[in-house]
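Scroll down for the structure; my scribbles are underneath it.
The values are calculated or read from the model by the stated rules, or taken from the named source; none is laboratory data. Computed from a prediction, not measured in an experiment: that's the story for all the values here. Please note: Cβ atoms are built from the backbone with ideal geometry, for glycine as well, and neighbour counts cover all protein chains shown. Note: accessible area is taken over every heavy atom of the protein model, side chains too, but ligands, DNA and RNA are not part of it. Shrake-Rupley method; radii C 1.70, N 1.55, O 1.52, S 1.80 Å.
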Amino acid sequence: MPAALSSPLGPEPKATARPGGGEPQAVVPPFEAVYEEHFDLVFRNVRRLGVPDALVDDAVQEVFLVVYRRLGQFEGRSSLKTWICSIVTRVASDHRRALRRKSPHACGKAEAVDVDTVVDERAEGPHEHTVRLEGARLLHKLLDELEFDKRTVLVLAELEGMTAPEIADALGENVNTMYARLRAARRDFDQAVARERARDTWRLR
C-alpha cells in the first residue's frame with residue numbers, strides 16, 4: 001500500500017455560499033488529502049466489485065486519476081465518499097467488461113486476498129490471520145456468484161454501511177430501485193451461502 005501523502009482529511013467539506021448568493025459551493029480539500037483519506041476505501045472495493053488481483057493496482061490508479069481530474073468540479077451535493085464510490089463502481093464495471101471481452105470465463109474467478117485482512121496482520125497470530133484470510137476468500141467467492149448490479153449494492157450497503165439513498169445517489173438510480181435490488185442481493189447471497197454449506201457438507205462425507 002502506498003505511503004500516506006499528507007495529514008488525514010478530517011471532517012467532510014462544508015458548503016459555503018457563493019459571492020452574490022446562489023447555490024452553495026463545496027470547499028474541496030486538496031487531492032493529496034482526498035487520496036490519503038480514501039485510498040483504503042478504493043483499494044478494497046475495486047476487488048470486492050470483482051476486479052481480479054492482477055488488475056487491482058491499475059483500477060485504483062484509474063479511480064484516482066478520475067478523482068484528480070474532476071475534484072475541482074465536486075459540488076458537495078453528496079459526501080466525498082459517495083462521490084468516490086460512484087467512480088469506483090464505474091471503473092470496476094469497465095474493467096470487468098474489458099476482461100470479459102478478452103476471456104468470458106475469467107472475470108471474478110481469481111483467488112483474492114482482501115486488503116482488510118492484511119492491514120493489521122502484525123497484530124495477529126498466524127492462526128488468527130489465516131482464519132481472516134480464509135474468510136475474505138470465501139466472501140469474494142460468494143460475491144462472485146452475484147450479478148454485478150446486485151454485488152455492487154450489497155457491497156456498498158453491507159460492507160461500507162451506506163444507506164439506500166446514498167447508494168442511489170452514487171449509482172444514479174431511483175432509491176426504490178435500490179431497496180428492491182438490495183433485497184434481491186441479500187436473497188441471492190443467502191442462497192450462495194446455503195450452496196457453499198451444502199458443498200462443504202458433501203466434502204466431509
note = With all protein chains in place and a 1.4 Å probe, MET162 shows an accessible area in Å² (nearest 10) of 10 Å²
query = Measuring from a point 7 Å past the Cα of PHE31 along Cα-to-C-beta, which residues in the range 63-91 have an amide N at less than 15 Å?
reply = 63-74
task = Compute the FRET efficiency between LYS102 and ASP53 as 1/(1 + (r/R0)^6), taking r as their Cβ-Cβ distance and R0 = 22 Å, and round to the nearest 0.05.
result = 0.85
query = Expressed as a rounded percentage, what relative contact order does the range 138-205 have, with Cα pairs under 8 Å and six or more residues apart?
reply = 36 percent
inquiry  = How large is the accessible surface of VAL66 in square angstrom, using a 1.4 angstrom probe and rounding to the nearest 10?
reply    = 20 Å²
